[in-house]
Amino acid sequence: MSYTGVEPLGRLANASLRAAKSRAHAVFDPLWRSGRMTRKQAYAWLAEQLGIPVEECHIGELDEAMCRRVVWVCIRTVPAKIGATARRQGSIA
């Protein structure tokens, strides 16, 4: 969890939520780390896919159900090679 001053950024996470966020990052981050788009463009795309405002679209702010949606929309989009890497890392089934 990141902090600015004394306020935490993101949701306080139990083990299950931390695991869900980790899986979401594992399938989402390759979209922008691959150079296919910028990080900002990737979050704008994700916000559109999730039907939420881009200002509210950050994996650190999402609950478990929304993290599962991130995984679902990303595995439909992520190229097979990137998806295979995430599967090998145990991030997606």
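Might you let me know whether segment 69-76 holds any residue that is farther than 19 Å from residue 21 by Cβ, modelled with pLDDT under 95, part of a helix (DSSP H, G or I) and under 14 Å from the mean Cα position of the chain (by Cα)? Reasoning before the result, please.
Initial filter on segment 69-76 (farther than 19 Å from residue 21 by Cβ): 76.
From what's left, modelled with pLDDT under 95: 76.
Those left that are additionally part of a helix (DSSP H, G or I): 76.
Now drop any that are not under 14 Å from the mean Cα position of the chain (by Cα), which leaves 76.
Checked against the condition, which is being farther than 19 Å from residue 21 by Cβ, modelled with pLDDT under 95, part of a helix (DSSP H, G or I) and under 14 Å from the mean Cα position of the chain (by Cα), segment 69-76 yields at least one hit.
Which residues, counting only those in segment 22-35, are over 15 Å from residue 73 (Cβ atoms) and either touching a residue at least 24 places away in the same chain (Cβ under 8 Å) or among the β-branched types (Val, Ile, Thr) (or both)? Can you show your working first?
At the first step, the residues of segment 22-35 found to be over 15 Å from residue 73 (Cβ atoms) are 22, 33-35.
Hits for segment 22-35 are 22, 34.
Is one or more of the residues making up segment 27-49 within 13 Å of residue 65 (Cα to Cα) and open to solvent by 20 Å² or more (accessible area, probe 1.4 Å)? Spell out how you get there, then give the answer.
To start, the set of residues in segment 27-49 that are within 13 Å of residue 65 (Cα to Cα) comprises none.
The answer is no; no qualifying residue exists.
When you go through 65, 24, 42 one by one, which is the residue that is in a helix (DSSP H, G or I) and touching a Ser or Thr at 6+ places or on another chain (Cβ under 9 Å)? Lay out the reasoning, then the answer.
On the way: 65 fails: touching a Ser or Thr at 6+ places or on another chain (Cβ under 9 Å); 42 fails: touching a Ser or Thr at 6+ places or on another chain (Cβ under 9 Å).
It is 24.
Select, from 82, 92, the only residue that is at pLDDT below 90, β-branched (Val, Ile, Thr) and open to solvent by less than 30 Å² (accessible area, probe 1.4 Å).
Values: 82 fails: open to solvent by less than 30 Å² (accessible area, probe 1.4 Å).
The match here is 92.
The values are calculated or read from the model by the stated rules, or taken from the named source; none is laboratory data. No experiment lies behind these values; they were computed from the predicted model shown. Cβ: placed from backbone, ideal geometry, glycine included. Neighbour counts: every protein chain shown. Just so you know, the surface numbers come from the protein's heavy atoms only, side chains and all, with ligands and any DNA or RNA stripped out. Shrake-Rupley method; radii C 1.70, N 1.55, O 1.52, S 1.80 Å.
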